[in-house]
Amino acid sequence: MTPTTAPLIDAHHHLWDLDQRPQPWLDDPALATIRRTFTPDDLRTTATQPIAGRRLHSTVAVQCVSDVPETEDLLALAEREPLIGAVVGWADLTSPGIGDQLDGLLAGPGGAYLRSLRHLVQGETDPEWLQRPDVERGLAAVRDHGLCFDVLVRSHQLDQAIRLAERFPDLPQVLDHAGKPAIARRELADWESRLRRLAGHPQVVCKVSGLITEADHDTWTTADIRPVWDVLLSTFGSDRLMFGSDWPVANLAGGWNRWAATVDDLLDGCSADETSAILAGTATTFYRLTPTERTLGSR
């Protein structure tokens with residue numbers, strides 16, 4: 001397909017410089033192949049596969065560790081890096097000083113790029129972590145600061161996300177990685193049931209990201225991903241879905257270009273408007289991305 005001038009937005013990727021800030025989660029032996037520094041230039045060089053004729057235009061950089069300084073690093077990087085249009089950061093939702101933390105991030109270098117917060121709920125053992133009173137107080141502060149919330153849960157934790165949506169109808173939320181369905185085990189029934197309930201809340205949108213690492217890393221095909229894609233499209237609709245790569249974690253299961261080529265295949269049959277929403281429109285609206293004169297070649 002001939003590349004077009006229409007934008008492609010990667011609404012979910014990570015960056016880290018191991019010389020500047022440790023990433024302890026990378027100590028897992030299974031992650032050895034991505035235990036190195038990844039920069040915007042690495043992404044710019046890697047992401048060459050067009051989707052529906054579109055090439056990468058802008059991105060949303062997402063936190064990895066529960067650490068305010070990492071978020072400060074990402075915001076400062078966004079201020080000088082034309083590829084990054086928004087940052088999903090971290091602050092301590094359980095802290096009585098969450099409001100002050102958010103004030104500091106928004107007022108600091110690159111603070112204007114902070115659009116959403118995320119917590120690694122997938123690693124919390126409390127089945128009602130998102131409903132804890134201190135967490136709900138933190139989420140109210142996120143809302144009151146005009147920010148969104150990225151919901152990172154595994155499929156068995158989706159009930160927490162549903163209760164969050166019920167209790168915070170005025171907090172824009174995005175489900176990261178579609179709630180991590182068990183693609184490798186082909187166990188999608190419970191995930192689909194919960195996802196349909198979550199999609200009933202209009203303030204919730206969903207990222208089509210992180211799916212290939214939930215499949216068998218070595219043997220997955222587009223056919224393994226398609227049942228999840230079909231559920232997402234039928235529940236959220238194109239105007240509430242956004243493309244994300246989850247790069248460089250995606251390198252564990254094929255990488256940015258293979259995932260992009262898969263999405264290109266999955267979009268076959270979608271209208272031009274549906275394709276535009278998934279590849280750019282939903283992310284632009286949710287993360288309040290604005291047209292800019294910054295170009296990918298400027299530094």
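The values are calculated or read from the model by the stated rules, or taken from the named source; none is laboratory data. For clarity, every value in this text was computed on a predicted model and none was experimentally measured. Counting neighbours? That spans all protein chains shown, and the Cβs are built from the backbone with ideal geometry, glycine included. For accessibility, only protein heavy atoms count, side chains too; no ligands or nucleic acids. Shrake-Rupley method; radii C 1.70, N 1.55, O 1.52, S 1.80 Å.
Being in contact (Cβ under 8 Å) with a residue 12 or more places away in the chain, part of a loop (DSSP other than H, G, I, E, B), in contact with a helix residue (DSSP H, G or I) (Cβ under 7 Å, 6 or more places away or on another chain) and open to solvent by less than 10 Å² (accessible area, probe 1.4 Å) is true for just one of TRP220, TRP191. Which residue is that? Working first, answer last.
Values: TRP191 fails: part of a loop (DSSP other than H, G, I, E, B).
When all the criteria are applied, what remains is TRP220.
Output the residue which, of all residues in segment 189-213 that are among the aliphatic types (A, V, I, L, M) and touching a strand residue (DSSP E or B) at 6+ places or on another chain (Cβ under 7 Å), is farthest from GLY89 (Cα to Cα). Let's see the steps before the verdict.
Of segment 189-213, the ones among the aliphatic types (A, V, I, L, M) are 189, 195, 198-199, 204-205, 208, 211-212.
Keeping just the survivors that are touching a strand residue (DSSP E or B) at 6+ places or on another chain (Cβ under 7 Å) gives 198, 204-205, 208.
Values: LEU198: 23, VAL204: 18, VAL205: 18, VAL208: 19 Å.
By that ranking, first place goes to LEU198.
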Looking at (1) surrounded by 15 or more Cβ atoms within 10 Å (Cβ to Cβ); (2) free of Cβ contacts under 8 Å to residues at least 40 places away in the same chain, which is the only condition ARG185 fails? (1)
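Scan segment 138-156 for residues that are open to solvent by 10 Å² or more (accessible area, probe 1.4 Å) and either in a loop (DSSP other than H, G, I, E, B) or of a type outside the set (Asp, Glu) (or both) and report the count.
First, the residues of segment 138-156 that are open to solvent by 10 Å² or more (accessible area, probe 1.4 Å): 140-141, 143-146, 154-156.
If we keep only those that are either in a loop (DSSP other than H, G, I, E, B) or of a type outside the set (Asp, Glu) (or both) too, we end up with 140-141, 143, 145-146, 154-156.
The number of residues fulfilling the criteria is 8.
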Any idea how many residues of segment 161-181 are within 27 Å of ASP216 (Cβ to Cβ), open to solvent by less than 10 Å² (accessible area, probe 1.4 Å) and without any contact (Cβ under 8 Å) to a residue 60 or more places away in the chain? 5
Quick one: GLU214 ticks every box in (1) surrounded by fewer than 19 Cβ atoms within 10 Å (Cβ to Cβ); (2) within 20 Å of ALA161 (Cβ to Cβ) bar one, so which box is it? (1)
For ALA107, indicate whether it is under 23 Å from VAL231 (Cβ atoms), without any contact (Cβ under 8 Å) to a residue 12 or more places away in the chain and over 22 Å from the mean Cα position of the chain (by Cα). no
Meets criteria (part of a loop (DSSP other than H, G, I, E, B), at pLDDT below 95 and either over 17 Å from the mean Cα position of the chain (by Cα) or on the phi > 0 side of the Ramachandran plot (or both)) for THR295: yes
